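One structure is given below, encoded as structure tokens.
The values are calculated or read from the model by the stated rules, or taken from the named source; none is laboratory data. Since the structure is predicted, the reported quantities are computational estimates derived from the model, not experimental observations. Heads up, the Cβs are rebuilt from the backbone with ideal geometry, glycines too, and the neighbour counts pull from every protein chain shown.
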Amino acid sequence: MRSRSTPAQWWQLTAPTPRCASGPPLVSGGWALTPTCHATPQSCWTAAGGCGGTPHRLNSLSTCCIERAMTVQDFDAHTQRDMIQHHVVAALAGIGDDRLVFKGGTLLRVCVFSNYRWSEDLDFDWAGSPEGFRALVEGAVAKAASSLGIPTLTTEDAGAVNVNIVAPEMAGPIRAEATVLAERDDSVPTQRWPINPRWGTTADTAPIRGYTATAVAADKLRCLARRSAPRDIYDLDQLAQSPQVDLPAAWNMYTANYNDPAREYGRRNHPADIRSTYLGRREHIAKTWHQLQQQGQIPPQADFDETFNRVDRHITELRDTWANSLPPGELHRLLQQHIQQQQQQQQSRPDPRRGDLGRGDPRRGYGGLSL
């Protein structure tokens, strides 16, 4: 979808502006806002694009109280990023390099769910050279710049592998991050995902290779064992409710690969102790959750306590079922093995004083965590 507005306003939507009985609309980025309205939080989120609102649907949606969820500036920045992400993913799908596997929160937004939260960056696994990944993203961004009619859209290196997608009109860069694998990992299931028809992408857009929803759930469990971010809690809750996800299978994938050197995520708890990671950070997670709601990254109607407790119940049941299935003494052996591996990794951790580049160092370019 192209805009004929000035360069600083290129992302503005061109749909007819809906009106509200409560007063004349104020327009920001092509979306209507009115000072007072009694629309529900759900309609506010839907209008904001968090549930995939598209221009042709705007007439039936209330956009009057979007300011309850986020500022106008946040809203414009999110729609801007979301549009670019969809077109870059569509371009990557059209190129069709099977060494690339789409993953993370943006996979959920762009492909898995028709209505989902916004995500910040693009995450992939890549079985090739760093130079090959950068060249692939650069080619896709050039195609996206053409399809969007944004000649200023380009790329900048962000480390040895990662790429920033930038334009003077953007509020901030979109990072395309890759976890570089020595070879394709066919043990983790993938599928061809259609791209949601949004922001000018259509049902005819080529599908992209990405991890299955069950594999994404396994990755979210891995993330919870290390960082326990609010988006991990929200995503796992949504995935658990999806008929596309087999939670016991996701747990088995997680326990089979949590110490895989090719997917080294740094220090993390053993699966038997996964609950201690997020239970100990509940207050911090709740605070960040509410901040993300204000920014429009988590729907305002999503109750933190209910979501957190559901996820904890799922994980407790999965962990207990798994632990009870192990032979006598096996859980103790696995715990001791995990402790030894963590100690070895700590001892062999690269020393920046010697010029070593760690896995998380931006100059090395290994991202690892899904967003």
Practice item. Select from segment 139-165 the residues that are out of contact with any helix residue (DSSP H, G or I) (no Cβ under 7 Å at 6 or more places or on another chain), touching a residue at least 60 places away in the same chain (Cβ under 8 Å) and farther than 15 Å from GLN80 by Cβ and list them in ascending order. Key: ALA158, GLY159, ASN162
Revision key, fill the gap. Filtering segment 73-106 for residues that are under 17 Å from the mean Cα position of the chain (by Cα), aliphatic (A, V, I, L, M) and within 20 Å of ALA167 (Cα to Cα) leaves a count of 7
Practice item. Go through the residues of segment 165-175 one by one and say whether even a single one is farther than 19 Å from ASP123 by Cβ and in contact with an Asp or Glu (Cβ under 8 Å, 6 or more places away or on another chain). Key: yes
Exercise for review: Looking only at segment 133-165, count how many residues are β-branched (Val, Ile, Thr) and in a strand (DSSP E or B).
Suggested key: 4
Practice item. Output the residues belonging to segment 202-252 that are surrounded by 21 or more Cβ atoms within 10 Å (Cβ to Cβ), closer than 17 Å to CYS111 by Cα and acidic (Asp, Glu). Key: ASP219, ASP235
Review point. Out of all the residues in segment 120-132, is one or more assigned to a helix (DSSP H, G or I), in contact (Cβ under 8 Å) with a residue 12 or more places away in the chain and in the same structural domain as ALA203 (by TED's automatic domain parsing)?
Key: yes
